[in-house]
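Trainee: Dropping the structure in here first, questions after.
The values are calculated or read from the model by the stated rules, or taken from the named source; none is laboratory data. As the structure is a prediction and not an experimental result, all values here were calculated from the model. Note that each Cβ is placed from the backbone with ideal geometry, even for glycine, and that neighbours are counted across all protein chains shown. To get the accessible areas, we keep the full protein, side chains included, count just its heavy atoms, and leave off ligands, DNA and RNA. Shrake-Rupley method; radii C 1.70, N 1.55, O 1.52, S 1.80 Å.
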Amino acid sequence: MFLYTDPWQESCAQIIYQLAKAWKIKIDEQLKKLFLIGILSDTAWLRFLKSSYLFKVMLELYSPKLNWSKLYKELWAIQPHNVFILAKLLKSSKIIKKIKTFIGYLNLPLGKNYSLKSYLLANLQLLAGVDNIVLISKMSQNEFYVSLRSTKINVGQIAKKFGGGGHRLASGFKTKLKPEIIKKKILKELWRES
């Protein structure tokens, strides 16, 4: 197994692109599109950039053949079932105003449905007055996935404490701890960092 983390990068897709370049992997039009989709998804369509370096990477990936409006629709098209799931999540969640944190548990087996997770996280990041997102989703009967997002706190360090990883503003980890226990532990970490 190969493990590489770079907490200063803003996008996992950016890291993979840089590794592909370093390993001299041929990057065709399809790969360019996939890297761009990853960057746009990881940064919520560039809303959470902290540096201009990512624009340099995007220029390297740019192709005149890419249809930006189609790409946007592919990434952010609202499916009726996604709206239902978002509504269910919002109903069972809370916002802790003192630390500007949204915390929610979705008792649905999202498994590896990354597009749905991206949709939920991107919409949650638009909540006014919220800097931190904690989304706990069920993976199986006894395993959960915790997604962490922030505009200010290094959530990559928090995820690392639980055996996970990611980068400064977006990270996550798997756990067998019950949702109520993990909520308390994560909130304790966020209080410490705030």
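Trainee: Count charges around K152 for me, please; just the other residues with Cβ under 12 Å from its Cβ, Lys/Arg as +1, Asp/Glu as -1.
Mentor: +2
Trainee: With the full set of protein chains in place, find how many percent of the accessible area of the chain is carbon and sulfur; take the probe as 1.4 Å.
Mentor: Values: 6630 of 11250 Å².
After summing per-atom areas, the C and S share lands at 59 percent.
Trainee: Looking at the chain, do any whole DSSP H helices span at least 30 angstrom along their long axis by alpha carbon and average 1.0 or above on Kyte-Doolittle, and which?
Mentor: Helices passing the filter in the chain: none found.
Trainee: Stretch S51-K160 to full length: gain in nm at 0.36 nm per residue minus the Cα-Cα span?
Mentor: Gain in length upon complete extension: 36.9 nm.
Trainee: Please give every one of the lysines within straight-line cross-link reach of K70, meaning a C-alpha to C-alpha distance under 17 Å, and leave out same-chain neighbours fewer than 8 residues apart.
Mentor: Hits, sequence-local ones excluded: K32, K33.
Trainee: Pairs to check: K100/K183; K56/K152; K94/K185; K91/K138; K160/K188. Give those whose C-alpha atoms are more than 19 Å from each other in this structure.
Mentor: Over 19 Å Cα-Cα: K56/K152.
Trainee: Can you pull the accessible area of Y62 for me, 1.4 Å probe, Å² to the nearest 10?
Mentor: 110 Å²
Trainee: Please report, in debye to the nearest 20, how large the charge dipole of the chain is about its Cα centre when each Lys and Arg carries +1 at its beta carbon and each Asp and Glu carries -1 there. It would help to have the intermediate numbers written out before the result.
Mentor: Working: 33 positive and 12 negative charges, 114 e Å.
So the dipole magnitude of the chain works out to roughly 540 debye.
Trainee: Before anything else, pin down the relative contact order of the chain: Cα pairs under 8 Å, at least 6 apart, normalised by residue count, whole percent.
Mentor: Answer for the chain is 18 percent.
Trainee: Here's another thing I want to ask about it. Below 13 angstrom from the Cβ of L34, what's the summed charge of the other residues (Lys, Arg +1; Asp, Glu -1)?
Mentor: Local net charge: -2.
Trainee: Given R₀ = 25 Å, what would the calculated FRET efficiency be for K174 paired with I25, taking r from the Cβ atoms and rounding to 0.05?
Mentor: Result of the calculation: an efficiency of 0.35.
Trainee: Modelled label-to-label distance, H81 and E193, 7 Å Cα→beta-carbon offset: nm?
Mentor: Going from the H81 label point to the E193 one covers 3.2 nm.
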